[in-house]
1. For the protein assembly as shown, give the percent of accessible area contributed by carbon and sulfur heavy atoms, probe 1.4 Å, rounded to a whole number.
2. Return one whole number: the accessible area per residue of segment B:276-381 in Å², for a 1.4 Å probe.
3. Going 7 Å from Cα along the Cα-Cβ axis for the label, what nanometre distances separate residue A:321 from the same residue across the other copies?
4. Leaving ligands, DNA and RNA out of it, rank B:105, A:72, A:519 by accessible area with a 1.4 Å probe, largest first.
5. Give the aspartates and glutamates whose C-alpha is closer than 13 Å to that of residue B:205, dropping any in the same chain fewer than 8 places away, or say none.
6. Efficiency by 1/(1 + (r/R0)^6): what FRET value for residue A:507 and residue B:349, r their Cβ-Cβ distance, R0 = 51 Å, to the nearest 0.05?
7. Copy-to-copy spacing for residue A:522, label 7 Å out on the Cα-to-C-beta vector, in nm, shortest first?
8. With all protein chains present, calculate the accessible area of residue A:78 using a 1.4 Å probe and round the result to the nearest 10 Å².
There are 2 protein chains.
Amino acid sequence: MQLEGLSLIGEKTGARGGKIFTGVNPTTGAALPGEFHSASTAEADAAVKLASEAFASYARWSGKQRAALLNRIAERLEANATLIVERGNLETGLPAARLQGELARTCFQLRFYGEAAASGLVTGARIDHADPNRKPLPKPDLRSMMIPLGPVVVFGASNFPLAYSVAGGDTASALAAGCPVIFKAHPAHPGLSEIVGQLVTQAVKESGAPEGLFSLLFDAGHEVGGALVKHPLVKAVGFTGSRQGGRTLMDLAAARPEPIPVYAEMGSVNPVFILSEALNTKAEEIAAGLHGSVTLGVGQFCTNPGLVFVETGAGAKQFLAKLEALVQATPAGTMLTAGLCAAYQRGVKIFSAVTGVKSSGTILPDASAGAAQANAALFVTSAETFLSNHRLMDEVFGPSTLVVECTSREQLLQAAQRLEGQLTATIHGTVNDLSASQPLVEVLATKAGRLVFNGFPTGVEVAHAMTHGGPYPASSDGRSTSVGTRALERFLRPVSFQNCPEAVLPDELKEANPLQITRLVDGKLN
Amino acid sequence: MQLEGLSLIGEKTGARGGKIFTGVNPTTGAALPGEFHSASTAEADAAVKLASEAFASYARWSGKQRAALLNRIAERLEANATLIVERGNLETGLPAARLQGELARTCFQLRFYGEAAASGLVTGARIDHADPNRKPLPKPDLRSMMIPLGPVVVFGASNFPLAYSVAGGDTASALAAGCPVIFKAHPAHPGLSEIVGQLVTQAVKESGAPEGLFSLLFDAGHEVGGALVKHPLVKAVGFTGSRQGGRTLMDLAAARPEPIPVYAEMGSVNPVFILSEALNTKAEEIAAGLHGSVTLGVGQFCTNPGLVFVETGAGAKQFLAKLEALVQATPAGTMLTAGLCAAYQRGVKIFSAVTGVKSSGTILPDASAGAAQANAALFVTSAETFLSNHRLMDEVFGPSTLVVECTSREQLLQAAQRLEGQLTATIHGTVNDLSASQPLVEVLATKAGRLVFNGFPTGVEVAHAMTHGGPYPASSDGRSTSVGTRALERFLRPVSFQNCPEAVLPDELKEANPLQITRLVDGKLN
């Protein structure tokens, strides 16, 4: 496959002439071959118009037809795994094994969401039969189902260059829901984006889907993204990235003449609470697990555990000693971009400078290291210092964590109550610990989208029961998830048909249930 | 029951001293007995704090416990029907029979939503079992369910002083979902609001629910409402009213440090499309039905059909002649408030003044009539005039409708494509008509929350399959409904439990399914 460096607008390529940028190898800091041309706002407009035209016919596709398209995209990706992994490795510094695993996850996700569309799981069909004899007024026949919102703009993440980029979770859930996608490529992996974009475009064409169902736009800056979010034909936005970026999109979307939903997954510090019996029995095991989770992928996960609360005592001492030793022994790792690495090092310096915070095991950054080399960092402080320094709740994106020593379970609860919205919250405890901590569990359920017990938050299962979201600012909309089959629901809305003749009803709602999907009929699922 | 004219803040009453207002009899324009004292923003803050405390325990109530509370509220209302209907009639001018019917609907709604909570219908429980042998990584046990958002602020509607006011749909769905309610009373029916508020407060107390689960605040202006929407402990807003009012709340909520969802149902013009065969066979019958729907309750429904598209021809002529005769013979009616009536008369004058619009059968307002007396109005225009005057798409709240004559089915489709978001869209057609109009049905499904066939949009069934919402500006959030059991979903969010010990899991997710609710287990409903 030839990299052309041009946007993909339906079946055509974009023009040259916009601002040029390149991929960068984060391990060396060197520019990679291939020039990428920023799209114009006129091209963004053209992509949205094509998507809107495509929507008119794609919205009529059955769940099974959508599933076939998603399966075909997965097949195309698998057939080009070598190319994908090679370019991905050059642009992101992520090891080949990680990229292979992420590709498998991406393909599983495409197929799993297609299956959810095909099975009618997200159709939410409901039928309330008429009762012409009801008094004082007859009851009409009423049937409802979920239908797609319309064209969706998706912004790719830098830290999951496959699973949350071009053919990633937001694209897969929008396509499965029946919505065309206009994808704004992340400038940190433009070559990989183009490869995957070309494969998606091929699959769209081979499936007989309308041109414009998928477009991919490059931009060195923010102009194209802003134009897309403000476009009147765009009906929803998916985003994975920083809080600042997500909030900017939320504000843009809320200020439109017709406000639209923005699903921004903005990350969090993912607090871990370690209760005393667990600490006293498994201090070193928990320390090792935590260290693995903090440093996995050089800490570049939105579920990276950046904040740990322990109950003081002998167990906590043993835990900290082990964790400190492991952090000190951690080799430096290459971060995704020099920019992320610089932000990480700024964050580490800010924490180091707070009075009452001990840098324990932290090796401060060495300016002479490679462009994007980062060391693990461990900070320790008291509950009092934590509770009086709001900055210590900020996310430091990278392999860093802050341990807060609490002198009582009440202090743990107080810290939990003070937290802002989180993607996850984790509790380590024996059955005794947990039984005595029901209030902590209840508070954390109001703060996080997912509660993890005796484990670690990294590793987000693609499943029906996954919630990867959480109250603001972890995500823009705590009522949603960006992973799992509930992710499709973000791009759907209900519509009701009242006294509609059988011949005009969509198949999903016909009396005989030709699609054989589960429906809520007169209040009962069958 | 003694009317005190004071806000209800949990179990206490608010202070005197705020700006005083009274109820007004719209039939006479005279002030009604009883002075109502505006709450202070400090009282609004106190109500929210109480609600937040109440949430901590109420969120743990089972669906059955919530249903018992809602049933008790319904019983209290029924036991005080005479008092409610009498004061309601004085403050709103609505006839006793209408208020009795609305009270019955309100009580049905409370019980129906309680049942949805008790049966687990809205729990959305999901279980994905672990697979410790999965390669390359073991699969965790993952379980998810919907939990309540937190305190909800509800703004009552003037046009449904029972079903969409103090104990109406938004309050019922929030309480059923597990959320405390801070209710901002509509100043057009303060005495009725206080009566119902006192009954809700009694039911809350008798049910052993925490104080603060319900508060009722009076305000002559907008200060209290604004303070409530901006309060950091408030997690969602329900509103039924004007587009301007709804948008103001949306903008306030979106600008918060932590944005929150606003569910504003802002009404629409509810277009009706009458196809040629239907017109040629049932012109007079459709005209009579339409007239009934337009003038029902003096046109004060958000589903009032304010826009009608007909295919020109003999049928259309017959239809218009009949409709004109019926409109001319319609007696004047009393609107809810003098303000609504004045706005209606302004709207009628604006439509009358548009070049190309014929006022057909309209009796222009008589300044010497009672304070809030309104006559029915009928306007007729061509598709060309309609398509070139955006103002003609505006809602005129009251007993008015605009008939647009289209010379072809393509023109009908073009008009449909031009519409903004609607609560409802209606099509009258024979099976032949409808079979030839699939594109029209498809366009209308993208524009409206509910499609009505061979009927009229007024009359919103409280049912599982109801969607009373629709794309902006019909509602703030086209993904939601404010009527039917899906209304509860507005106040819920998913939370997942990963590898949670059985003893710590909520009953809804325990392996043995002690609540006997339907759950999605490993992808299958059972």
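1. Carbon and sulfur atoms account for 55 percent of the accessible area of the protein assembly as shown.
2. 40
3. List, nearest first: 10.2 nm.
4. A:72, B:105, A:519
5. B:11
6. The value I calculate is 0.60.
7. In nanometres, ordered from closest: 3.3.
8. For residue A:78, solvent-accessible area is about 90 Å².
The values are calculated or read from the model by the stated rules, or taken from the named source; none is laboratory data. Keep in mind it's a predicted model, so treat the numbers as computed, not measured. Don't worry about glycine lacking a Cβ; one is built from the backbone with ideal geometry, like all the others, and counts go over all protein chains shown. Keep in mind that these areas ignore ligands, DNA and RNA; they rest on the heavy atoms of the full protein, side chains included. Shrake-Rupley method; radii C 1.70, N 1.55, O 1.52, S 1.80 Å.
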